[in-house]
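Okay, so here's the structure we're looking at.
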Amino acid sequence: MANKTKGKDITILAVIGVLLVALIVVGIGAVSRLGKTDSQITKESAMTQLQKKLKKIDVEVVPPRKATVEISGGNLAEELPNIEQYPLSVQGHGDINIEIFSSTEKASGGTDGWLNEVAEAFNNEHHQINGQWVTVSVRPIASGAAVDYIVSGKYVPEVYTPSNTLWGEMIAAKNVDIRMVRERIAGNCAGILVNDDTYKKLKETYGEVNSSTIIEATIKSEISMGYTNPYSSSTGMNFLLNALHAFDANDILSDQAVEQFQKFQANVPFVAYSTLQMRDAADSGVLDAFILESQGYYNATELRDYEFVPFGVRHDNPVYAIGNLTADKDALLTMFVDYCLTEQNQRLAKEYGFNQMEEYTGVVLEGISGDTMLSAQKLWKKEKDAGNPVMAVFVADVSGSMGGVPLQELQASLINASQYINDTNYVGLVSYSTDVAINLPIAQFDLNQRSYFTGAVQDLSPGGNTATYDAVLVALDMLMKAQESVEAETGQKVKPLLFVLSDGETNIGNKLSDIRDVVEGLEVPCYTIGYNANLDALAELSAINEAASINADSDDVIYNLKSLFNAQM
């Protein structure tokens with residue numbers, strides 16, 4: 001009896017072992033498919049499906065027309081949307097009032113609302129200067145956008161409090177009258193979030209995990225890292241300067257620094273248009289590491305399986321006065337800064353996630369002026385694709401529902417924002433309504449192609465139904481063929497992208513479910529820009545391969561596209 005029982009136990013253990021192995025295999029497979037469909041196909045299968053679907057789509061080839069190209073470099077003040085696109089989070093109504101441009105992590109509301117709470121309390125206490133009630137207004141705005149408003153002169157507040165001092169130095173380099181009032185009102189720092197498994201591997205390999213070892217591991221293709229656009233993001237700008245400084249501390253713009261930066265960028269999947277896009281990519285398993293401020297990490301409890309590795313200059317929220325303030329406004333600014341620094345409000349800042357990592361002293365970027373920082377942004381724009389070209393097809397909705405303002409804004413925004421596309425990249429244009437038209441075959445975006453592109457965009461006219469996904473298939477076919485040709489001819493690795501500009505109301509032809517496997521299998525990011533749009537449909541297309549979806553209303557579309565093209569083109 002004992003032997004029988006023992007044999008039965010062994011059999012049960014064996015069955016359990018098989019089940020455990022099966023569960024582990026299934027688990028590994030599930031992790032590897034994060035962000036992907038269960039039926040993801042190979043690129044070869046995707047190409048086969050693509051060719052089958054194309055046989056059912058009518059395509060017209062429209063002879064392109066040359067048009068005059070504006071090469072002035074753009075008018076920043078005209079590109080910027082009305083400031084009301086960034087509404088006040090706190091409105092002061094005192095006899096004397098100053099407006100503060102604030103970085104979003106301290107004035108957006110919710111867990112990012114510390115400065116709002118402090119400002120509301122200050123205003124409600126009815127402080128006075130020379131018998132007059134004094135208040136503050138707060139306008140949350142991304143640091144890069146704030147710089148553009150201030151430098152262009154389109155809208156200039158009395159006070160600016162970005163995340164770090166880099167932006168103040170860049171503003172000063174543009175000959176704007178700017179004066180630091182206080183270097184810190186709430187402690188914070190930038191960091192690289194590394195998932196636990198990757199962190200352990202880096203620790204074993206390098207002994208220490210810091211920004212230098214993470215950058216080195218990225219160059220060696222040991223990890224996949226992402227960061228945000230340094231033209232708009234404080235953390236992205238900090239990371240760019242920190243990386244260049246690591247490559248050559250004596251001259252961040254040297255040939256040596258550029259060469260190392262190219263090697264680093266060659267192994268960066270993409271530079272995110274926004275923090276949200278980067279977070280989504282990390283959630284899907286595309287990234288092993290990405291950047292975020294410590295205050296954001298403190299409030300994102302779902303990120304506790306990531307280690308926070310601080311880097312670069314500290315993000316201690318400096319305060320600057322802009323222009324020549326009156327004596328009363330200058331006194332008000334000093335009073336409000338002192339109010340922010342009271343023990344009570346500093347405790348409140350800690351509750352919001354600030355003042356947490358005081359042990360990190362930060363990097364001192366000696367000898368790097370505001371002018372050098374501006375040059376570093378330009379270097380990034382030129383070298384972010386590691387010397388390899390980007391190839392993009394713009395897919396423009398010209399259906400009847402796009403008639404009037406939406407199509408006019410699409411045309412104006414494409415033509416104006418195209419100034420921010422590098423001339424080493426490749427561009428084509430497809431339009432669609434009931435059927436699909438190739439308005440411009442893919443070619444290098446030199447002055448000749450820019451001229452054809454401008455003419456093709458100008459000639460777009462509305463009418464008919466909306467076959468968005470038919471047009472996406474046609475554009476993908478153009479990309480695959482042109483990519484193969486250019487790579488064979490130049491030996492360079494081409495990065496393909498789609499930009500779909502639409503109101504999102506597809507009502508004829510293929511549905512998203514019909515083409516999802518093709519888009520996913522070809523692994524082409526589809527950036528979508530919605531004009532009075534069904535944003536959910538567009539966002540679903542963008543989410544397939546970790547691209548961004550933008551709500552481009554008629555006021556801010558040009559600036560949004562400029563930011564997107566700076567990040568991706």
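Brief remarks follow.
- Close pairs (8 angstrom Cβ cut-off, 6 or more residues apart or separate chains): more than 24 Å from THR68 (Cβ to Cβ) and open to solvent by 40 Å² or more (accessible area, probe 1.4 Å) in the range 400-416, of a type in the set (Val, Ile, Thr) and in a loop (DSSP other than H, G, I, E, B) anywhere: SER401/THR466
- Filtered residues of the range 59-89 (kept if modelled with pLDDT under 90 and over 30 Å from ASN116 (Cβ atoms)): PRO64, LYS66, ALA67, THR68, VAL69, GLU70, ILE71, SER72, GLY73, GLY74, ASN75, GLU78
- In summary, VAL524 fulfils each of the numbered conditions (1) at negative phi; (2) open to solvent by 10 Å² or more (accessible area, probe 1.4 Å); (3) part of a loop (DSSP other than H, G, I, E, B) with the single exception of condition (2).
- Residues satisfying the stated conditions in the range 175-185, i.e. out of contact with any Asp or Glu (no Cβ under 7 Å at 6 or more places or on another chain) and in contact (Cβ under 8 Å) with a residue 24 or more places away in the chain: VAL176, ASP177, ILE178, ARG179, MET180, VAL181, ARG182, ILE185
- Top-ranked residue in the range 151-201 [being of a type in the set (Phe, Trp, Tyr) and touching a helix residue (DSSP H, G or I) at 6+ places or on another chain (Cβ under 8 Å); ranked as nearest to LEU240 (Cα to Cα)]: TRP167
- Identity of the residue in the range 88-132, open to solvent by 60 Å² or more (accessible area, probe 1.4 Å) and within 18 Å of GLU158 (Cβ to Cβ), that ends up nearest to the chain's Cα centre (by Cα): GLN91
- Exclusive hit being over 30 Å from THR218 (Cα atoms), open to solvent by 20 Å² or more (accessible area, probe 1.4 Å) and touching a residue at least 40 places away in the same chain (Cβ under 8 Å), set ALA327, ALA331, ALA321: ALA331
- Lone unmet requirement of (1) in contact with a helix residue (DSSP H, G or I) (Cβ under 6 Å, 6 or more places away or on another chain); (2) part of a strand (DSSP E or B) for VAL500: (1)
- Search result, residues across the range 434-471 that are surrounded by fewer than 22 Cβ atoms within 10 Å (Cβ to Cβ) and farther than 26 Å from SER485 by Cα: THR434, ASP435, GLN458, ASP459, LEU460, SER461, PRO462, GLY463, GLY464, ASN465
- Residue pairs meeting the criteria (Cβ under 6 Å; at least 6 apart or on separate chains; first farther than 9 Å from GLY94 by Cβ, in the range 132-145; second of a type in the set (Phe, Trp, Tyr)): ARG139/TYR86; ARG139/PHE101; ILE141/TYR86; ILE141/PHE101; SER143/TRP167; GLY144/TYR231
- Residue among TYR306, TYR360 that is touching a Cys at 6+ places or on another chain (Cβ under 6 Å), among the aromatic types (Phe, Trp, Tyr) and within 14 Å of GLY191 (Cα to Cα): TYR360
- Strands (runs of 3 or more DSSP E) enclosed by the range 149-229 - at least 2 residues per element that are open to solvent by 40 Å² or more (accessible area, probe 1.4 Å) and closer than 30 Å to LYS350 by Cα: 178-182
- Count of the range 242-263 residues which are under 14 Å from LYS381 (Cα atoms) and surrounded by fewer than 24 Cβ atoms within 10 Å (Cβ to Cβ): 3
The values are calculated or read from the model by the stated rules, or taken from the named source; none is laboratory data. In this text the structure is predicted, and so the values were computed from the model without any measurement. Reconstructed Cβ throughout: ideal geometry from the backbone, glycine too, with neighbour counts over all protein chains shown. Only protein heavy atoms, including side chains, enter the accessible area calculation; ligands, DNA and RNA are left aside. Shrake-Rupley method; radii C 1.70, N 1.55, O 1.52, S 1.80 Å.
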